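Contents: one structure, followed by commentary.
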Amino acid sequence: MKAQTTQRYTLADLEQWREISRDIDPPIRLGVLGDPVAHSFSPEMQNAALRACEINAQYARFHIRPSELRSALHFLRNLNFAGMNLTVPHKIAGFGQIDEADESASRIGAVNTIRIRDNKLVGSNTDGEGFLRAVRSEFSVDLRDLRVLIIGAGGGTGRAIALQCALENCERLVLVNRTLEKANALLQHLRSFFMEARVLGPAARLEVVAWEESLMRMQLGDIDLIVNATPLGMNPSDPAPIPGRLIAPHHMVFDCIYGPSKTTLLRAAEQAGARSANGMSMLLHQGALSFSIWFDREPPIDAMHKALL
Ligand code: NAP
């Protein structure tokens, strides 16, 4: 008899996984670990990909608190899992708890994709490349031509996006974060990418500003793309990460959040007459890249896209 998978599993389930999962068919061999995790659409998308490729496995949600991550990874390493995704808030902590990191993860110091080979956890990061592809598909522009402001530059996602902007040699990058020291540390890390002068006018190519309205206002005249990489907006009662009055029609606004599909920030962008996009296409592209890491094959992107729609 086939057992139904539940909405989400916990560390307590992983502790007795063989018993819990005995009758689950297809077997759960992939999952996303997060806190919160109920919002994640990765299971719908990845399960569609597994079905399209006729792989006998399924992907589940695991609600793992920050203090539980080490134990969860320990259990997963020794179970028959192909890999997993890490989401908020585990990407940076996860980097310190894997056995090996590929170039994409070591460059950023954060992990969103883990594959398991011979009981070893090998970490990668597909967020930056996923973001790059999403911006291209949503706005028909390339990062290299943009002046970008990232709010939440201290988190795993903000760091991955900042590094991608640096690798693409984007015109200008402004880092904003609640905890200023983290943005300053990232600036030091990225400085060498921005040494070359580009014909731009007086604004510095790489800057950190505190998360204050007056300081952000001074930057936004020289910015094309505003990115929210904080979790602010996941709750409908959250305020926008920047006041709507700072958004102008020339801006493009990208909110990494995709649930809810229209955050306070995106509504403000719409009101300001700016182009905007939520994080759904980033989810698709980073997830497709994760799939190819786990299975070493082309991801069925149309099936994944359809599942998200
Ligand atoms: P994270 O590592 O926990 O980072 C959170 C960042 O947001 C930090 O810079 C933090 O600032 C800031 N922050 C947190 N709460 C804040 C608050 N109340 N006010 C102001 N700043 C706050 O999280 P993450 O994994 O990077 O994820 C961030 C968001 O991106 C989440 O909403 C996640 O769902 C989304 N995301 C979407 C995709 C996609 O595919 N669409 C992919 C990845 C992530 P401090 O440094 O001061 O703590």
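The values are calculated or read from the model by the stated rules, or taken from the named source; none is laboratory data. Nothing here was measured: the structure is a model prediction, and the numbers come from that model. Backbone-built Cβ (ideal geometry, glycine too); neighbour counts: all protein chains shown. With ligands, DNA and RNA removed, areas are computed over all heavy atoms of the protein, side chains included. Shrake-Rupley method; radii C 1.70, N 1.55, O 1.52, S 1.80 Å.
Scanning the range 57-81 for residues that are aliphatic (A, V, I, L, M) and crowded, with 17+ Cβ neighbours inside 10 Å returns 57, 60, 64, 69, 72, 73, 76.
Which residues, counting only those in the range 74-93, are in contact (Cβ under 8 Å) with a residue 40 or more places away in the chain and within 16 Å of the ligand (Cβ to nearest atom)?
Within the range 74-93, 84, 85, 86, 87, 88, 89, 90, 91, 92 qualify.
Of all residues in the range 127-142, those being without any contact (Cβ under 8 Å) to a residue 40 or more places away in the chain and within 24 Å of residue 249 (Cβ to Cβ) number 3. Scan the range 236-246 and give yes if some residue there is closer than 29 Å to residue 84 by Cβ, in a loop (DSSP other than H, G, I, E, B), open to solvent by 40 Å² or more (accessible area, probe 1.4 Å) and in contact with a His (Cβ under 9 Å, 6 or more places away or on another chain), otherwise no. Among the residues of the range 236-246, not one is closer than 29 Å to residue 84 by Cβ, in a loop (DSSP other than H, G, I, E, B), open to solvent by 40 Å² or more (accessible area, probe 1.4 Å) and in contact with a His (Cβ under 9 Å, 6 or more places away or on another chain), which makes the answer no. Within the range 166-187, if we keep just the residues that are of a type in the set (Val, Ile, Thr) and touching a Leu at 6+ places or on another chain (Cβ under 8 Å), the residue that is surrounded by the fewest Cβ atoms within 10 Å (Cβ to Cβ) turns out to be 174.
From the list 254, 291, exactly one residue is within 10 Å of the ligand (Cβ to nearest atom), hydrophobic (A, V, I, L, M, F, W, C) and not assigned by TED's automatic domain parsing to the domain that holds residue 83. Which is it? One residue alone meets the criteria, 254.
Within the range 119-132, is even one residue assigned to a helix (DSSP H, G or I), farther than 22 Å from residue 189 by Cα and within 18 Å of the chain's Cα centre (by Cα)? The answer is no, given that none of the residues of the range 119-132 is assigned to a helix (DSSP H, G or I), farther than 22 Å from residue 189 by Cα and within 18 Å of the chain's Cα centre (by Cα). Within the range 186-217, the set of residues being over 23 Å from residue 132 (Cα atoms), outside any strand (DSSP E or B) and either in the same structural domain as residue 90 (by TED's automatic domain parsing) or at pLDDT 95 or above (or both) comprises 211, 212, 213, 214, 215, 216, 217.
Only one entry in 15, 44, 54 is surrounded by fewer than 16 Cβ atoms within 10 Å (Cβ to Cβ) and closer than 17 Å to residue 81 by Cβ, namely 15. Would you check if there is a residue in the range 4-13 being within 16 Å of the ligand (Cβ to nearest atom) and under 25 Å from residue 259 (Cα atoms)? Looking for residues that are within 16 Å of the ligand (Cβ to nearest atom) and under 25 Å from residue 259 (Cα atoms), one finds at least one in the range 4-13, hence yes. Between a first residue in the range 224-241 that is on the phi > 0 side of the Ramachandran plot and more than 8 Å from the ligand (Cβ to nearest atom) and a second residue that is open to solvent by 10 Å² or more (accessible area, probe 1.4 Å) and not charged (D, E, K, R), which pairs have beta carbons less than 7 Å apart while being 6 or more apart in sequence or on different chains? Pairs that qualify, where the first residue is on the phi > 0 side of the Ramachandran plot and more than 8 Å from the ligand (Cβ to nearest atom) and the partner is open to solvent by 10 Å² or more (accessible area, probe 1.4 Å) and not charged (D, E, K, R): there are none.
Every residue, every condition in (1) more than 20 Å from residue 277 (Cα to Cα); (2) more than 16 Å from the ligand (Cβ to nearest atom); (3) open to solvent by less than 60 Å² (accessible area, probe 1.4 Å), yes or no:
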{"position": "99", "(1), (2), (3)": "yes, yes, no"}
{"position": "109", "(1), (2), (3)": "yes, no, yes"}
{"position": "133", "(1), (2), (3)": "no, no, no"}
{"position": "139", "(1), (2), (3)": "no, no, yes"}
{"position": "161", "(1), (2), (3)": "no, no, yes"}
{"position": "164", "(1), (2), (3)": "no, no, yes"}
{"position": "189", "(1), (2), (3)": "yes, no, no"}
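Of all the criteria given as (1) surrounded by fewer than 23 Cβ atoms within 10 Å (Cβ to Cβ); (2) near the ligand (Cβ under 10 Å from one of its atoms), the one not satisfied by residue 263 is (1). Checking the range 271-280 against the condition returns no match, with no residue being assigned to a helix (DSSP H, G or I), in contact (Cβ under 8 Å) with a residue 60 or more places away in the chain and more than 17 Å from the chain's Cα centre (by Cα). In the range 247-261, the residues that are small (Gly, Ala, Ser) form Cβ pairs under 6 Å with partners that are surrounded by fewer than 22 Cβ atoms within 10 Å (Cβ to Cβ), at six or more places apart or across chains, as follows: 259/39.
A single entry from 261, 292 fulfils the requirement of being of a type in the set (Ser, Thr, Tyr) and in a loop (DSSP other than H, G, I, E, B): 261. If residue 151 passes every condition in (1) within 11 Å of the ligand (Cβ to nearest atom); (2) more than 26 Å from residue 84 (Cβ to Cβ); (3) touching a helix residue (DSSP H, G or I) at 6+ places or on another chain (Cβ under 7 Å) but one, which one does it miss? In the conditions (1) within 11 Å of the ligand (Cβ to nearest atom); (2) more than 26 Å from residue 84 (Cβ to Cβ); (3) touching a helix residue (DSSP H, G or I) at 6+ places or on another chain (Cβ under 7 Å), residue 151 misses (3) alone.
With respect to residue 141, determine if the residue is assigned to a strand (DSSP E or B) and β-branched (Val, Ile, Thr). So residue 141 fails the test.
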